[in-house]
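Read the structure below first, then the notes.
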Amino acid sequence: MTLNDFLRLLNNSDRLRIVKGGETKYVGYLGNFKQDNAELTGAEEVEKFRAVPEITHKQWKGKGLRPPIQPEETAQYSFSDLQMSLYYTIHI
């Protein structure tokens, strides 16, 4: 299955993380994928897919903790002092 075939199954509001050769090539919303990434053609073969939840502390920076995948993004949901984001991680 190609990357384009797979992406047709998702919604524009879904968060993606696309990894090629162990290096993250794109992180963001599917709706922004085309305009944000000229490096990937969509013809790449999908090797692996995972739905990866990311749970981080809201005050990660002040506490010296590991940053979220997209630290500039505001948390969609909040659980007391934690935030969670779900990324569809696609390995090509």
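The values are calculated or read from the model by the stated rules, or taken from the named source; none is laboratory data. Just so we're clear, the structure is a prediction, and the values are computed from it rather than from any experiment. Glycine also receives a Cβ, built like all others from the backbone with ideal geometry; neighbour counts cover every protein chain displayed. With ligands, DNA and RNA removed, areas are computed over all heavy atoms of the protein, side chains included. Shrake-Rupley method; radii C 1.70, N 1.55, O 1.52, S 1.80 Å.
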Practice item. Keeping to the range 1-52, report how many residues are of a type in the set (D, E, K, R) and in a strand (DSSP E or B). Key: 8
Check your understanding: Taking only pairs six or more apart or across chains, which ones have beta-carbon atoms under 9 Å, a first residue in the range 57-70 that is of a type in the set (A, V, I, L, M), and a second residue that is open to solvent by 100 Å² or more (accessible area, probe 1.4 Å)?
Key -> LEU65/GLN59
**Study point:** Qualifying positions in the range 42-92 - at pLDDT 85 or above and of a type in the set (S, T, N, Q)
**Key:** THR89
**Study point:** Pair list, Cβ < 7 Å and 6+ apart or interchain, from the range 11-36 residues that are hydroxyl-bearing (Ser, Thr, Tyr) to residues that are not in a loop (DSSP other than H, G, I, E, B)
**Key:** SER13/TYR29; SER13/GLY31; THR24/ARG17; TYR26/LEU16; TYR26/ILE18; TYR26/PHE33; TYR26/ASP36; TYR29/ARG15
Review point. Does THR2 satisfy the criteria of being farther than 17 Å from TYR87 by Cα, open to solvent by less than 50 Å² (accessible area, probe 1.4 Å) and either among the polar types (S, T, N, Q) or under 10 Å from the mean Cα position of the chain (by Cα) (or both)?
Key: yes
Practice item. Go through the residues of the range 38-46 one by one and say whether even a single one is within 13 Å of the chain's Cα centre (by Cα) and under 21 Å from GLU72 (Cβ atoms). Key: no
